[in-house]
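Each remark here refers to the structure printed beneath this line.
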Amino acid sequence: MEQTLYLMRHGETLFDQLGKMEGWSDSPLTKKGIRQAKRASEYFKAVDLSAAYCSASERCCDTLRQVTSLPYMRLKGLKEQNFGLLEGEHNYLQHLRPYGDLFVKYGGESDSEVQDRIVTTCTELMHRSSGQTVLAVTHANACLQFIKRWDDQLELSSIPNGAIFKYDFNKENDTFELLEQVKLTV
């Protein structure tokens, strides 16, 4: 059975608007973030979603509730990179991507830890899902690390709010192949 994963970044938040590093912290969706989620909802009306998952962060749950009325499961494995003591700070480190081990000395996670966590979680949810089409709402660095695992040639330095990536999942060898980067405008 062929399976498809839609990996989506949450809508814009107050911290995004203020240029703050959010990580495991949380702030509410802005009006623009809600519009981004509703725009994604229009896209997903043409997709027969069979399962929905999101990060345990409220911004992802709130985004997902705008996108679909499917019941969903919150998963800690879909959370954003932990920035440790730098959570909530101004996002002056954005230009340093990839971060590597930068946040480890501040009590946060390395890029490789995030990559292993997000890939393991997405692989497990695809095996868990009995349906063919799965939506997972997550975060910018989580998306970047997932993309990097499967296609290190794709040049992305950031992931816009509300971005959607469509992947084919090969259940036999637990691999994902990027099929499409969906670009929605708000």
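The values are calculated or read from the model by the stated rules, or taken from the named source; none is laboratory data. Owing to the predicted nature of the structure, the values given are computational and were not obtained by experimental measurement. When we count neighbours, we look across all protein chains shown, and the Cβ atoms used for this are built from the backbone with ideal geometry, even at glycine. Just so you know, the surface numbers come from the protein's heavy atoms only, side chains and all, with ligands and any DNA or RNA stripped out. Shrake-Rupley method; radii C 1.70, N 1.55, O 1.52, S 1.80 Å.
Residues of the range 133-186 that are modelled with pLDDT of 95 or more, in contact with a Gly (Cβ under 7 Å, 6 or more places away or on another chain) and on the phi < 0 side of the Ramachandran plot: N161 alone. Residues in the range 132-186 that are more than 15 Å from the chain's Cα centre (by Cα) and of a type in the set (V, I, T) were compared, and the one that is least open to solvent (accessible area, probe 1.4 Å) is T133. Note on the range 90-131: among residues that are assigned to a loop (DSSP other than H, G, I, E, B) and open to solvent by 80 Å² or more (accessible area, probe 1.4 Å), the one that is farthest from L144 (Cα to Cα) is S130. Residue count for the range 26-50, restricted to those that are surrounded by 16 or more Cβ atoms within 10 Å (Cβ to Cβ), in contact (Cβ under 8 Å) with a residue 40 or more places away in the chain and in a loop (DSSP other than H, G, I, E, B): 1. Taking the numbered list (1) in contact (Cβ under 8 Å) with a residue 60 or more places away in the chain; (2) more than 14 Å from H139 (Cβ to Cβ); (3) not β-branched (V, I, T) in turn, M73 passes all entries but (1). Against the test of being touching a helix residue (DSSP H, G or I) at 6+ places or on another chain (Cβ under 6 Å) and among the basic types (K, R), the options R9, R39, R35, R97 yield a single qualifying residue, R9.
Only one of Y53, Y72 is open to solvent by 30 Å² or more (accessible area, probe 1.4 Å) and touching a Cys at 6+ places or on another chain (Cβ under 9 Å); which? I'd like the intermediate steps shown before the answer.
Values: Y53 fails: open to solvent by 30 Å² or more (accessible area, probe 1.4 Å).
Result of the check over Y53, Y72: Y72.
Is one or more of the residues making up the range 51-66 more than 27 Å from L93 (Cβ to Cβ) and part of a loop (DSSP other than H, G, I, E, B)? No, every residue in the range 51-66 fails to be more than 27 Å from L93 (Cβ to Cβ) and part of a loop (DSSP other than H, G, I, E, B).
None of S158, S110 is without any contact (Cβ under 8 Å) to a residue 12 or more places away in the chain and of a type in the set (G, A, S) except S110.
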